[in-house]
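Since the structure comes first, as structure tokens, the remarks are kept for the end.
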Amino acid sequence: MTKLMAVRMPENLIKELKTIRKTNGTVISHFITEAVTERIREMKENEEDIAVIESRKNEPSISEAEWNKHLKHKGINV
């Protein structure tokens with residue numbers, strides 16, 4: 001289901017949207033819906049990344065020298 005939503009936008013942005021519509025034949029409502037969908041997806045990914053970082057920040061870690069030693073032991077030159 002879709003609903004109508006009025007939003008306030010800077011005039012220069014509206015002009016750019018109208019130019020895109022004329023140039024590409026893009027429907028403005030579809031363009032805005034896709035842009036908002038993409039932005040929401042990015043924000044959710046960022047929240048998930050932060051949650052992973054928070055959950056791992058107290059895990060033990062190793063130094064770069066220890067990691068390189070581990071890689072060398074595995075036969076990987078660094």
Of the candidates I20, I53, I40, the one satisfying the condition of being among the hydrophobic types (A, V, I, L, M, F, W, C), free of Cβ contacts under 8 Å to residues at least 24 places away in the same chain and surrounded by fewer than 10 Cβ atoms within 10 Å (Cβ to Cβ) is I53
Please go through the range 19-36 and give me each residue that is among the polar types (S, T, N, Q) and more than 15 Å from M5 (Cα to Cα), ordered by number. T19, T23, N24, T26
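Every read-out reported here was derived from the displayed coordinates using simple, explicitly stated rules and does not represent laboratory data. Please read all numbers here as calculations on a predicted model, not as lab measurements. With ideal geometry, Cβ positions are generated from the backbone for all residues, glycine too; neighbour counts draw on all protein chains shown.
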